[in-house]
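Worksheet: the structure to be examined is printed underneath.
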Amino acid sequence: MASVQIADVRKAYGSTQVIHGVDIDIEDGEFVILVGPSGCGKSTLLRMIAGLENISGGEIRIGPRVVNDVPPKERDIAMVFQNYALYPHMTVADNMAFSMKLRKAPKEEIADRVGKAAAILGLEKLLDRYPRQLSGGQRQRVAMGRAIVRDPQVFLFDEPLSNLDAKLRVQMRTEIKELHQRLKTTTVYVTHDQIEAMTMADKIVVMHDGIVEQMGAPLDLYDRPANLFVAAFIGSPSMNLLNGTITPAGFETEGGVVWPIGTHPADSNGKAAVLGIRPEHIQLDDNGLKAEVVVVEPMGSETQVVVRCGGQSLTCVFRERITAKPGELIGITPDTNVTHLFDAGTGKSLAA
Amino acid sequence: MASGSFAAQPETTAWTRLMVNRNWLGFWFMVPTMIFLLFFLAWPLILGMWMSMTDMRIGRGGVFIGLENYQYLLEDRDFLNATGFTLAYTAVASVVKFAVGLYLAILLNNHMPLKAFIRAIVLIPFIVPTVLSAVAFWWIFDTQFSIFTWLLQKAGFLAKGQYINWLGDPFLAQCSVIFANIWRGIPFIAITLLAGLQTVSPSLYEAATLDGASGWQRFRFVTYPLLTPIIAVVMTFSVLFTFTDFQLIWAMTRGGPVNATQLMATLSYQRGILGGRLGEGAAIATAMVPFLLAAIMISWFGLQRRKWQQGESND
């Protein structure tokens with residue numbers, strides 16, 4: 001196991017720079033998830049850690065060693081690919097043993113390690129099968145088995161769950177998290193799915209257009225998004241963002257609707273800003289703002305309602321069951337302890 | 001049962017039953033193809049085999065003489081030499097074509113500038129008509145004007161005024177026609193293998209790299225095993241085409257000098273058509289069949305779906 005330090009790392013293809021100086025510290029045994037929309041550079045960064053892409057600038061350390069010029073096989077990392085990249089002409093056992101065979105490890109040691117990895121992942125009965133004869137989830141497990149057998153310093157996962165169906169994805173999510181808790185190997189995991197990031201990570205790194213927007217524990221990002229991008233990206237359904245002006249009375253949006261807001265910097269009065277309210281932080285309140293119901297989506301445990309208030313659409317999630325019909329008016333009020341204000345120009349959070 | 005009502009219809013004959021029976025429907029659909037195959041493939045083959053057992057000549061219907069033609073051929077040095085050279089021609093040309101073709105395919109599979117253009121160039125030997133390229137090789141291996149001779153002279157390996165009798169010397173002529181065949185056959189193999197290489201997912205190479213495989217090991221343990229099915233197909237075709245080659249030899253040497261470059265196909269043509277002994281020519285052609293069958297059998301076993309290709313493919 002080892003820590004990973006990424007210091008001012010840049011990547012350019014010719015004159016196009018895709019990663020603009022990224023700094024991330026990953027502690028020994030930590031589960032870090034790089035998350036962001038497609039094209040944000042997260043996979044490129046992962047491949048740079050693996051050594052599959054060279055580094056245009058900056059430094060990557062694995063443990064105490066700078067690995068910029070170390071070839072992939074000497075970096076002591078193992079990677080799980082999105083399409084699993086299992087060798088189709090090898091059995092499950094051979095797939096897992098391949099790296100050790102190349103190293104000319106003794107047969108007993110190979111059998112021992114493969115057996116142990118198979119036991120961890122419940123693959124014992126599949127060792128003689130070929131990848132084609134396996135289901136998606138089983139292939140995913142074999143790919144992880146191949147990584148475990150290596151007993152590397154760092155596990156790298158490149159969107160490992162995106163080829164699986166929704167149900168299996170949830171199940172594998174739990175399995176990967178469990179596996180990490182058992183092996184405690186430093187893990188860097190790339191995904192575009194913020195739910196995966198929220199549920200699995202010790203630390204989330206939100207990336208966008210080749211820079212790190214924010215980095216922190218999942219709930220920190222949820223509670224204190226540093227900017228509009230992170231605010232909109234983290235959380236599902238995503239945060240409602242309203243344009244308006246901060247006034248002493250509250251937050252005034254177009255159409256003269258005034259939203260109550262919590263404490264805000266005194267000098268911000270009169271400033272154009274964006275108000276962020278998470279759907280789950282809006283409550284029913286007969287004395288609150290009047291909003292017109294547009295769509296009601298009962299989910300059983302909760303009800304998702306899209307309303308229109310002062311010309312802006314908002315998504316609300318209520319624990320109560322809603323009987324209101326589209327077109328009817330309901331009263332809503334935000335929980336002012338957890339509203340967010342962002343600078344309309346820079347998008348940065350106005351919270352100190 | 002409903003059959004009672006069918007029986008009541010007097011016009012139901014065995015023939016109309018056959019026409020409406022679902023099990024026979026498939027057969028009826030196959031009939032046109034069967035006729036086509038019988039007429040254009042089976043019939044000429046059978047006719048050829050029949051002819052090989054007669055002493056038929058041009059303008060004179062033959063008499064059945066059993067295996068006499070074959071008996072005669074077994075003692076015929078020219079035939080035995082032609083058979084030997086056909087085997088050597090096929091073996092040497094196929095091995096070299098495979099090696100160079102695979103090398104080119106791997107080279108072309110890399111990223112390089114003008115990739116599409118270079119791929120197109122590689123195809124040139126394949127698109128030039130055989131006879132045309134044979135004529136070009138005729139000049140390339142000309143005794144006086146050979147570019148190889150000229151190059152050797154320029155490089156100082158050959159004194160000025162000294163010539164190499166490329167197509168006149170039996171052994172050199174054999175090497176020359178094999179060279180021409182290789183030149184012509186490489187694109188087919190290179191392009192087909194390139195197509196095969198492109199189906200190999202790049203992430204497999206990346207996974208192998210991370211697993212610690214060197215370039216050679218990636219080829220040996222990933223590329224080569226994944227290519228074996230397509231190698232089996234392409235080499236079967238290559239062997240069949242090479243073994244039955246005719247045009248190149250005929251245009252370059254007509255089997256000469258002293259029958260050194262005679263292939264079974266050219267010998268058959270020479271004896272049967274030019275010499276007029278149709279029965280003997282047919283016997284030589286028929287003698288090629290066992291070799292071709294053997295090649296097909298080998299590839300048939302090679303082509304059988306390997307275990308790793310079986311099972312449902314839900315990817």
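Going by the conditions given, is B:W150 within 27 Å of B:N259 (Cβ to Cβ) and without any contact (Cβ under 8 Å) to a residue 40 or more places away in the chain? Before you say what the answer is, go through the steps one by one.
Numbers: within 27 Å of B:N259 (Cβ to Cβ): no; without any contact (Cβ under 8 Å) to a residue 40 or more places away in the chain: yes.
When the stated conditions are applied, B:W150 does not pass them.
In this structure, is A:D28 at pLDDT 90 or above and under 28 Å from the mean Cα position of the chain (by Cα)?
Numbers: at pLDDT 90 or above: yes; under 28 Å from the mean Cα position of the chain (by Cα): yes.
Yes, satisfied.
Just a yes or no: is a residue in the range A:149-165 touching a helix residue (DSSP H, G or I) at 6+ places or on another chain (Cβ under 7 Å), within 11 Å of another protein chain (Cβ to nearest Cβ) and more than 22 Å from B:A213 (Cβ to Cβ)?
Yes, the range A:149-165 contains at least one residue that is touching a helix residue (DSSP H, G or I) at 6+ places or on another chain (Cβ under 7 Å), within 11 Å of another protein chain (Cβ to nearest Cβ) and more than 22 Å from B:A213 (Cβ to Cβ).
Does the range A:178-219 hold any residues that are surrounded by fewer than 18 Cβ atoms within 10 Å (Cβ to Cβ) and part of a helix (DSSP H, G or I), and which are they? Steps first, answer last, please.
First, the residues of the range A:178-219 that are surrounded by fewer than 18 Cβ atoms within 10 Å (Cβ to Cβ): A:178, A:181-184, A:193, A:195, A:199, A:202, A:209, A:211, A:217, A:219.
Listed by number, the residues that qualify are A:E178, A:Q181, A:R182, A:L183, A:I195, A:T199, A:L219.
When you scan the range B:151-169, how many residues do you find that are surrounded by 12 or more Cβ atoms within 10 Å (Cβ to Cβ) and in a helix (DSSP H, G or I)? Show your work before the answer.
Start the filter on the range B:151-169 by keeping residues that are surrounded by 12 or more Cβ atoms within 10 Å (Cβ to Cβ), which leaves B:152-153, B:158, B:163-169.
Adding the requirement that they be in a helix (DSSP H, G or I) leaves B:152-153.
Here the count works out to 2.
What number goes with the only condition from (1) open to solvent by 60 Å² or more (accessible area, probe 1.4 Å); (2) more than 9 Å from chain B (Cβ to nearest Cβ) that A:L121 does not pass?
Exception for A:L121: condition (1).
Might you let me know whether the range B:270-278 holds any residue that is more than 25 Å from B:T130 (Cβ to Cβ), outside any helix (DSSP H, G or I) and open to solvent by 50 Å² or more (accessible area, probe 1.4 Å)?
Within the range B:270-278, the subset more than 25 Å from B:T130 (Cβ to Cβ) is B:276-278.
From the residues that got through so far, the ones that are outside any helix (DSSP H, G or I) too are B:276-277.
If we keep only those that are open to solvent by 50 Å² or more (accessible area, probe 1.4 Å) as well, we get B:277.
Scanning the range B:270-278, I find at least one residue that is more than 25 Å from B:T130 (Cβ to Cβ), outside any helix (DSSP H, G or I) and open to solvent by 50 Å² or more (accessible area, probe 1.4 Å), so the answer is yes.
With the requirement that a residue be facing chain A (nearest Cβ under 8 Å) and open to solvent by 50 Å² or more (accessible area, probe 1.4 Å), what does the range B:177-224 give you?
Taking the range B:177-224 first, the residues facing chain A (nearest Cβ under 8 Å) are B:201, B:203-204, B:206-213, B:217, B:221-222.
Correct list: B:F221 only.
Answer yes or no as to whether A:I6 is of a type outside the set (D, E, K, R) and more than 10 Å from chain B (Cβ to nearest Cβ). It would help to see each step written out before you state the result.
Working: of a type outside the set (D, E, K, R): yes; more than 10 Å from chain B (Cβ to nearest Cβ): yes.
Yes: the conditions hold for A:I6.
Take the range B:232-249 and flag every residue that is crowded, with 19+ Cβ neighbours inside 10 Å and either within 14 Å of chain A (Cβ to nearest Cβ) or in a helix (DSSP H, G or I) (or both). I'd like the intermediate steps shown before the answer.
So the first thing to find is which residues in the range B:232-249 are crowded, with 19+ Cβ neighbours inside 10 Å, and the list is B:234-235, B:238-239, B:242-243, B:245, B:248-249.
Passing the criteria: B:V234, B:M235, B:S238, B:V239, B:T242, B:F243, B:L248, B:I249.
Check every one of the strands (runs of 3 or more DSSP E) wholly within the range A:1-102 and list those with 1 or more residues that are free of Cβ contacts under 8 Å to residues at least 40 places away in the same chain. Don't jump to the end; show me each part of the working.
Values: elements: A:4-13, A:16-26, A:31-35, A:57-62, A:77-80.
Ranges flagged: A:4-13, A:16-26.
Within the range A:163-177, count every residue that is part of a helix (DSSP H, G or I), of a type in the set (D, E) and open to solvent by 70 Å² or more (accessible area, probe 1.4 Å).
Narrowing the range A:163-177 to residues part of a helix (DSSP H, G or I): A:166-177.
Keeping just the survivors that are of a type in the set (D, E) gives A:175.
The next check asks that each one be open to solvent by 70 Å² or more (accessible area, probe 1.4 Å); those that pass are none.
Qualifying residue count, the range A:163-177: 0.
Give the residues of the range B:51-77 that are open to solvent by 100 Å² or more (accessible area, probe 1.4 Å) and either of a type in the set (F, W, Y) or under 30 Å from the mean Cα position of the chain (by Cα) (or both), sorted by residue number. Steps first, answer last, please.
Here is the first cut: in the range B:51-77, the residues open to solvent by 100 Å² or more (accessible area, probe 1.4 Å) are B:57-58, B:60, B:64, B:67-68, B:71-72, B:74-75, B:77.
Listed by number, the residues that qualify are B:R57, B:I58, B:F64, B:L67, B:E68, B:Q71, B:Y72, B:L74, B:E75, B:R77.
Here is a check on your reading of the model: is A:R141 buried (at least 22 other Cβ atoms within 10 Å of the Cβ), farther than 26 Å from A:G210 by Cβ and away from every other protein chain (no Cβ under 14 Å)? Talk me through it step by step, then tell me what you get.
On the way: buried (at least 22 other Cβ atoms within 10 Å of the Cβ): yes; farther than 26 Å from A:G210 by Cβ: yes; away from every other protein chain (no Cβ under 14 Å): yes.
Yes; evaluated as a whole, the condition is true for this residue.
What residue, of A:R113, A:R146, is touching a helix residue (DSSP H, G or I) at 6+ places or on another chain (Cβ under 7 Å) and surrounded by fewer than 21 Cβ atoms within 10 Å (Cβ to Cβ)? Give the steps one after another, and end with the answer.
Values: A:R146 fails: surrounded by fewer than 21 Cβ atoms within 10 Å (Cβ to Cβ).
Step by step, each of A:R113, A:R146 is checked, and only A:R113 is touching a helix residue (DSSP H, G or I) at 6+ places or on another chain (Cβ under 7 Å) and surrounded by fewer than 21 Cβ atoms within 10 Å (Cβ to Cβ).
Condition first: open to solvent by 30 Å² or more (accessible area, probe 1.4 Å), more than 18 Å from A:G250 (Cα to Cα) and not polar (S, T, N, Q). Now tell me which residues in the range A:320-351 satisfy that.
Scanning the range A:320-351 gives A:E320, A:R321, A:I322, A:K325, A:P326, A:G327, A:E328, A:L329, A:G345, A:K348.
Could you list, in sequence order, the residues of the range A:118-132 that are in contact with a Gly (Cβ under 9 Å, 6 or more places away or on another chain), assigned to a helix (DSSP H, G or I) and more than 22 Å from A:R169 (Cβ to Cβ)?
A:A118, A:E124 - these are the residues of the range A:118-132 that are in contact with a Gly (Cβ under 9 Å, 6 or more places away or on another chain), assigned to a helix (DSSP H, G or I) and more than 22 Å from A:R169 (Cβ to Cβ).
If A:L241 satisfies every condition in (1) closer than 26 Å to A:Q304 by Cβ; (2) assigned to a strand (DSSP E or B); (3) at pLDDT below 90; (4) open to solvent by 10 Å² or more (accessible area, probe 1.4 Å) but one, which is the exception?
Condition (3) is where A:L241 drops out.
Keeping to the range A:28-70, report how many residues are closer than 28 Å to A:M198 by Cβ and loosely packed, with under 15 Cβ neighbours inside 10 Å.
Result for the range A:28-70: 4.
Kindly indicate whether any position in the range B:39-50 is assigned by TED's automatic domain parsing to the domain that holds B:F219, open to solvent by less than 50 Å² (accessible area, probe 1.4 Å), out of contact with any helix residue (DSSP H, G or I) (no Cβ under 9 Å at 6 or more places or on another chain) and closer than 24 Å to B:A285 by Cα.
So far as the range B:39-50 goes, no, none of its residues is assigned by TED's automatic domain parsing to the domain that holds B:F219, open to solvent by less than 50 Å² (accessible area, probe 1.4 Å), out of contact with any helix residue (DSSP H, G or I) (no Cβ under 9 Å at 6 or more places or on another chain) and closer than 24 Å to B:A285 by Cα.
Hey, does the range B:92-114 have a residue that's open to solvent by 50 Å² or more (accessible area, probe 1.4 Å) and at positive phi?
Yes, the range B:92-114 has at least one match.
Quick check on the range A:286-302. Is at least one of its residues within 23 Å of A:R224 (Cα to Cα) and either in a strand (DSSP E or B) or among the hydroxyl-bearing types (S, T, Y) (or both)?
First pass over the range A:286-302, keeping only residues within 23 Å of A:R224 (Cα to Cα): none.
Scanning the range A:286-302 turns up no residue that is within 23 Å of A:R224 (Cα to Cα) and either in a strand (DSSP E or B) or among the hydroxyl-bearing types (S, T, Y) (or both).
Go through the range A:83-94 residue by residue and tally those that are under 13 Å from B:P225 (Cβ atoms) and more than 9 Å from every other protein chain (Cβ to nearest Cβ).
Total meeting the criteria: 1.
With (1) open to solvent by less than 60 Å² (accessible area, probe 1.4 Å); (2) in a helix (DSSP H, G or I); (3) touching a helix residue (DSSP H, G or I) at 6+ places or on another chain (Cβ under 9 Å) as the list, and B:L87 as the residue in question, which single condition is left unmet?
That leaves (1) as the condition not met.
Based on this model, can you work out whether A:V317 counts as surrounded by 13 or more Cβ atoms within 10 Å (Cβ to Cβ) and in a strand (DSSP E or B)?
Working: surrounded by 13 or more Cβ atoms within 10 Å (Cβ to Cβ): yes; in a strand (DSSP E or B): yes.
Criteria met by A:V317.
Going by the structure shown, is A:D267 surrounded by fewer than 13 Cβ atoms within 10 Å (Cβ to Cβ) and closer than 23 Å to A:I246 by Cα? Spell out the reasoning first.
Details: surrounded by fewer than 13 Cβ atoms within 10 Å (Cβ to Cβ): yes; closer than 23 Å to A:I246 by Cα: yes.
Yes, satisfied.
The values are calculated or read from the model by the stated rules, or taken from the named source; none is laboratory data. For clarity, every value in this text was computed on a predicted model and none was experimentally measured. Every residue, glycine as well, gets a Cβ built from its backbone with ideal geometry; the counts of neighbours run over all protein chains shown. Note: areas computed on protein heavy atoms with side chains; ligands, DNA, RNA excluded. Shrake-Rupley method; radii C 1.70, N 1.55, O 1.52, S 1.80 Å.
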